Amino acid sequence: MQMFKALIAALGVTLGLCAIPVVHFVTGPVSPFIGGFFGGRMLKAYSGRAMGLGLLMGLVVAGGSGIVIAVIGFLFDVVRGDTRVLVILAATGASLYITVLGAFGALVGGNRSRT
């Protein structure tokens with residue numbers, strides 16, 4: 001249950017930082033790290049839990065991206081041919097990016113919460 005609360009907080013911070021107009025150009029690229037930091041701080045995460053939090057952040061984003069891609073791209077036939085592969089690769093890359101930065105942020109946040 002504690003991991004779920006930390007995941008919700010981490011994703012909330014991540015999405016919140018990306019949603020602010022104009023500011024998102026600065027906070028958007030580092031938002032997974034900041035979200036992971038807050039989630040790791042809530043967990044007082046050691047390396048295993050920090051990696052788990054980052055992985056969960058990436059899986060949630062991958063699942064959400066998959067649903068959006070399926071609904072918009074495949075059902076409405078908006079995305080065709082090679083563009084489908086490009087969209088899927090971009091979603092996979094974004095999920096990996098969020099996983100790595102979220103886990104690193106959780107490591108730093110967990111470390112800061114214990115000192």
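The values are calculated or read from the model by the stated rules, or taken from the named source; none is laboratory data. Here the structure is a predicted model, which is why all the values come from computation and not from measurement. Cβ atoms come from the backbone with ideal geometry, glycine included; neighbour counts cover every protein chain shown.
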Pairs only if they're at least six apart or on different chains, beta carbon under 7 angstrom, first in region 80-105 and surrounded by 14 or more Cβ atoms within 10 Å (Cβ to Cβ), second in a loop (DSSP other than H, G, I, E, B); list them, first residue then second. Val87/Val79
Residues to consider are Gly63, Gly93, Gly110; find the one that is in contact with a helix residue (DSSP H, G or I) (Cβ under 8 Å, 6 or more places away or on another chain), part of a helix (DSSP H, G or I) and either farther than 20 Å from Phe4 by Cβ or of a type outside the set (Lys, Arg) (or both). Gly110
With (1) under 16 Å from the mean Cα position of the chain (by Cα); (2) part of a helix (DSSP H, G or I) as the list, and Gly48 as the residue in question, which single condition is left unmet? (1)
Region 21-41, residues that are out of contact with any helix residue (DSSP H, G or I) (no Cβ under 7 Å at 6 or more places or on another chain) and among the β-branched types (Val, Ile, Thr): Val22, Val23, Val26, Val30
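Every residue, every condition in (1) modelled with pLDDT under 90; (2) of a type in the set (Gly, Ala, Ser); (3) closer than 15 Å to Gly110 by Cβ, yes or no:
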| residue | (1), (2), (3) |
| --- | --- |
| Gly48 | no, yes, yes |
| Met51 | no, no, yes |
| Leu59 | no, no, no |
| Asp77 | yes, no, no |
| Ala94 | no, yes, no |
Of residues in region 43-63 being among the hydrophobic types (A, V, I, L, M, F, W, C) and touching a residue at least 60 places away in the same chain (Cβ under 8 Å), the one nearest to Leu101 (Cα to Cα): Ala50
Restricting to region 5-45, name every residue that is over 11 Å from the mean Cα position of the chain (by Cα), under 14 Å from Leu55 (Cβ atoms) and not in a loop (DSSP other than H, G, I, E, B). Ala6, Gly39, Gly40, Leu43
